[in-house]
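The values are calculated or read from the model by the stated rules, or taken from the named source; none is laboratory data. Given the structure is predicted, the values throughout are model-derived calculations rather than measurements. Glycine also receives a Cβ, built like all others from the backbone with ideal geometry; neighbour counts cover every protein chain displayed.
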Amino acid sequence: MRFDSQLTHSFKHQAWILALVLIALPLSTGCQISSGINRFNPFYNPKLTSYITPSQRIEAAELIAKEADGTDSESQTEQVRTLANKLTSEPDPLVREALLKACAKYNVDLARKALIAGLNDENLYVRTTCCRELGRLGVSEAANDLSRVAMEDKDFDVRVAAARALGKTGNQEEARKGLLTVLEDRNPAMQLAGVEAMRDLTGQNLGYNVAAYVALAKGDSASATRLAENTQPKTKYLEETIPLIK
């Protein structure tokens, strides 16, 4: 019995030492021990260790955008070209959105073209981002495409974003054409977006009389002013309350 007890104690002592060695080995040999073990794992795929996650791709896009300096130079265009090339093969809409936001940091023609092209993206959030960035930048040449989106996009929020962006393009002729359709839309929310966009585009405040802005969009300033004056008391409540509920 005493011999068995000593044997058991010796075995436990050796097992404890072996456990300490196994714990210490990876610390000293790093990845060598894990790669050796993984050779016996039939499901191990070493390629997975080099996979770049969507969050990493977003960070990479943001890092490139930090190089934007506001100049229209060849080096800046090359950086946008790098971003645009990534767009063509990027499956994740969140990453595409980040890439387009990065493009919007640059003051080069290719960046504006990338944003206009992004209006055709399959993802509604990407399209909305492109509308907002084109409006923020006041891209005049985007007016025609924004008009199309405001009239035809299948998502209502994208249409509203396009309408609002139209008012900031500064393109009086094309933007008015698109906003006329927006103002004549049967949806009051769409009409409101058209009214606000016409205010931004023309700098004229005609209250919330949609008919006045329709006349203004058609180029009939006299009728627009008359309609605004005749209905101003009726729209006073809207002017005071709509900004509060937006």
Practice item. Can you confirm whether segment 174-182 contains a residue that is surrounded by fewer than 16 Cβ atoms within 10 Å (Cβ to Cβ) and in contact with a Gly (Cβ under 8 Å, 6 or more places away or on another chain)? Key: no
**Study point:** Leu192 vs. criteria assigned to a helix (DSSP H, G or I) and touching a residue at least 12 places away in the same chain (Cβ under 8 Å)
**Key:** yes
Practice item. Take Asn144 and decide whether it is of a type outside the set (A, V, I, L, M), touching a helix residue (DSSP H, G or I) at 6+ places or on another chain (Cβ under 9 Å), under 30 Å from Arg81 (Cβ atoms) and at pLDDT below 95. Key: no
Exercise for review: Among the candidates Ala98, Ala60, Ala102, Ala114, single out the residue that is among the small types (Gly, Ala, Ser) and either modelled with pLDDT under 95 or over 23 Å from Gly138 (Cβ atoms) (or both).
Suggested key: Ala60
Point to revise | Given (1) under 15 Å from the mean Cα position of the chain (by Cα); (2) surrounded by 12 or more Cβ atoms within 10 Å (Cβ to Cβ); (3) of a type in the set (Asp, Glu), number of the condition Asp109 does not satisfy | key: (1)
Point to revise | Looking only at segment 214-245, and only at residues there that are of a type in the set (Val, Ile, Thr) and surrounded by 12 or more Cβ atoms within 10 Å (Cβ to Cβ), the one that is modelled with the lowest pLDDT | key: Thr235
